[in-house]
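Working notes for the structure below.
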Amino acid sequence: MKAKKIVLGVGGGIACYKAVMLASQLTQKGFEVIPFLTPAAQSFVQALSFEGVTQKHAVVDHLQVDERGVSVSLLAAEADAMVIAPATADLIGKMAAGMGNDPVSLAALVAPDLRFFCPAMNDRMWKNPFVQRNVEALEKANWRRIGPENGHLAEGYSAPGRMAEPDRILASILEILHSHSEDS
Ligand SMILES: Cc1cc2nc3c(=O)[nH]c(=O)nc-3n(C[C@H](O)[C@H](O)[C@H](O)COP(=O)(O)O)c2cc1C
């Protein structure tokens, strides 16, 4: 499989620290990983951590342009795949509403056909009917959902909503990318 470019969109949840691991694991597998961080994500984890493990500049401002004046968020359309981890309730809602006022939701508006999201939130948020409606809307729009899992939450108890572990996210992405490259 030739080296592929993956946009890693990071939302602002406590699972951000696991997204750094995912960025590192994808990079070690030979992918070119471009990190995109929402403003809230930057409150949890510095862009520098993602830049350090991917050796790529992170996109941290949705109004950022390149030297030609082209929106760097919209360049996500040229990637082979987009992965959003963690996908917070807020980010999922914005995506389902077709909004694009942060680097990740803007990139999601032009995401390539291979697109994944990894919800991460507490169990009450996960069960919220508006969140469930938005999750279904994304799935109908060809966003492949990975997780969430039943496990330890930041609240201190075990319940559904925990972001899938980076190993599992990586395995799911590899499986889909592999089957996709066999088809083409
Ligand atoms: C300590 C802390 C942890 C949070 N964890 C989550 C979370 O795991 N999932 C979630 O959906 N929101 C979580 N939130 C709320 C989000 O940070 C908030 O909705 C934010 O606006 C999401 O921004 P985004 O659209 O950039 O993801 C948390 C907030 C705080 C203060």
Report yes if some residue within the range 171-181 is touching an Asp or Glu at 6+ places or on another chain (Cβ under 9 Å), over 18 Å from Ala40 (Cβ atoms) and surrounded by 16 or more Cβ atoms within 10 Å (Cβ to Cβ); otherwise report no. yes
Of the conditions (1) crowded, with 19+ Cβ neighbours inside 10 Å; (2) in a helix (DSSP H, G or I); (3) within 11 Å of the ligand (Cβ to nearest atom), the single one that Ala107 does not satisfy is (3)
Within the range 134-143, does at least one residue satisfy the condition of being under 21 Å from Arg162 (Cα atoms) and not in a helix (DSSP H, G or I)? yes
I'd like to verify a number: residues in the range 30-50 that are touching a strand residue (DSSP E or B) at 6+ places or on another chain (Cβ under 7 Å) and of a type outside the set (Val, Ile, Thr), how many? 8
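Conditions (1) under 20 Å from the mean Cα position of the chain (by Cα); (2) under 23 Å from Glu175 (Cβ atoms), marked per residue:
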| position | (1), (2) |
| --- | --- |
| Met121 | yes, no |
| Met125 | yes, no |
| Pro129 | no, no |
| Asn142 | yes, yes |
Looking for something over 24 Å from Leu177 (Cα atoms) and more than 16 Å from the ligand (Cβ to nearest atom) - is there at least one such residue anywhere in the range 29-48? yes
Kindly indicate whether Asp113 is acidic (Asp, Glu) and either in contact with a Lys or Arg (Cβ under 9 Å, 6 or more places away or on another chain) or modelled with pLDDT under 95 (or both). no
Would you check if there is a residue in the range 64-73 being surrounded by 13 or more Cβ atoms within 10 Å (Cβ to Cβ), within 14 Å of the ligand (Cβ to nearest atom), under 16 Å from the mean Cα position of the chain (by Cα) and in a loop (DSSP other than H, G, I, E, B)? yes
Could you list, ordered by first residue, the pairs with Cβ atoms under 7 Å in which the first is in the range 83-94 and at negative phi and assigned to a helix (DSSP H, G or I) and the second is near the ligand (Cβ under 8 Å from one of its atoms) and aromatic (Phe, Trp, Tyr), at least 6 apart or interchain? none
Could you give every pair whose Cβ atoms fall below 8 Å, whose first residue belongs to the range 154-172 and is in contact (Cβ under 8 Å) with a residue 12 or more places away in the chain, and whose second residue is among the aromatic types (Phe, Trp, Tyr), counting only separations of at least 6 or pairs across chains? Pro160/Trp126; Gly161/Trp126; Ile169/Phe116; Ser172/Phe116
Test Glu78 against the stated conditions and say whether it is surrounded by fewer than 16 Cβ atoms within 10 Å (Cβ to Cβ) and in contact (Cβ under 8 Å) with a residue 60 or more places away in the chain. yes
Pull up the range 1-21, narrow it to residues that are at pLDDT below 95 and among the aliphatic types (A, V, I, L, M), then point me to the one that is farthest from the ligand (Cβ to nearest atom). Met1
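The values are calculated or read from the model by the stated rules, or taken from the named source; none is laboratory data. Predicted model only: the values in this text are computed from it and were never measured. Virtual Cβ from ideal backbone geometry, glycine too; neighbours counted across all protein chains shown.
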